[in-house]
Amino acid sequence: MQVADNMAVSIHYTLINDEGEVLDSSQDDEALVYLHGEGNIISGLEQALNGKAVGDKFNVRLDAKDAYGEFIEERVQVIPRAMFEGIDELEVGMQFQADVSDGPGIVTIIKIEGDEVTIDGNHPLAGVPLTFDVEVVAIRAATEEELEHGHIHGAGCHH
C-alpha cells in the first residue's frame, strides 16, 4: 500500500533547521497520524510523502514557502495595550487567538514598550527552510467518518 489521498498515514519525523538544531521530533513519542490529501500537514511534506510505502525512510529539505510560508511583514503590528482588556500581565512570548489577515490564527507578543504591544501573526517558523527526516510506519484507508470530517480519528480526537 502506498501513501495517497484519503489514506491515514502514520509517520515518525525529526524536524531540523539549517543550523542543524532539532526543532521537533516524534521519535520518543507516538507517530504522527494524518489524513493524506487534506492539508493536515505542511504542503511540502505532504507532497514528499506521495507514493511512499511502509518502511520508507527519507530526508527532505523544504523551502519556507513549502513549509510554514514566507515571513509576511504586514503580520507584525504595534497595537495598544488596551486591546488586551482583562489580562493583567503581558509578557513577550505570550500567544493569543485572534483574527489575522487570512482568518483565525495565533499571534505572539514579540515586544512590549509602555502602552504599545508588538504582535506577530506569522507562524514561528515562517520564512525558515526546514529539513525533515521521515519514516513511514503505517498506512490504512481512512474511515468514512474521517473522510467526512477531513481528519483522522483516534487518540487525541475529542468530538
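The values are calculated or read from the model by the stated rules, or taken from the named source; none is laboratory data. Nothing here was measured: the structure is a model prediction, and the numbers come from that model. Heads up, the Cβs are rebuilt from the backbone with ideal geometry, glycines too, and the neighbour counts pull from every protein chain shown.
So, Val136, is that one under 25 Å from Leu35 (Cβ atoms) and assigned to a strand (DSSP E or B) or not? Working first, answer last.
Numbers: under 25 Å from Leu35 (Cβ atoms): yes; assigned to a strand (DSSP E or B): yes.
Yes; evaluated as a whole, the condition is true for this residue.
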For this session: Kindly provide the set of residues from segment 6-26 that are surrounded by 12 or more Cβ atoms within 10 Å (Cβ to Cβ) and assigned to a loop (DSSP other than H, G, I, E, B), ordered by number.
Result: Asn6, Ser26
Problem set entry | Some residue of segment 54-66 being outside the structural domain of Tyr13 (by TED's automatic domain parsing), closer than 22 Å to Asn122 by Cβ and assigned to a strand (DSSP E or B) | no
For this session: Only one of these is among the aliphatic types (A, V, I, L, M), surrounded by 12 or more Cβ atoms within 10 Å (Cβ to Cβ) and modelled with pLDDT under 90: Ala126, Ala98, Ala141. Name it.
Result: Ala98
Exercise. Could you list, in sequence order, the residues of segment 78-96 that are part of a strand (DSSP E or B) and in contact with a strand residue (DSSP E or B) (Cβ under 6 Å, 6 or more places away or on another chain)?
Worked result: Val78, Ile79, Gln95, Phe96
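In this structure, is His149 of a type outside the set (D, E, K, R), closer than 29 Å to Ala4 by Cβ, crowded, with 16+ Cβ neighbours inside 10 Å and modelled with pLDDT under 90? It would help to see each step written out before you state the result.
On the way: of a type outside the set (D, E, K, R): yes; closer than 29 Å to Ala4 by Cβ: yes; crowded, with 16+ Cβ neighbours inside 10 Å: no; modelled with pLDDT under 90: yes.
Taking the combined requirement at face value, the residue does not satisfy it.
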For this session: Mind listing just one residue for me: the one in segment 49-65 that is touching a residue at least 24 places away in the same chain (Cβ under 8 Å) and among the charged types (D, E, K, R) and, of those, nearest to Met7 (Cα to Cα)?
Result: Lys52
For this session: Report yes if some residue within segment 104-113 is surrounded by fewer than 17 Cβ atoms within 10 Å (Cβ to Cβ), of a type in the set (Gly, Ala, Ser) and over 27 Å from Glu21 (Cβ atoms); otherwise report no.
Result: no
For this session: Could you please give the count of residues in segment 55-91 that are farther than 30 Å from Asp115 by Cα and exposed (fewer than 15 other Cβ atoms within 10 Å of the Cβ)?
Result: 7
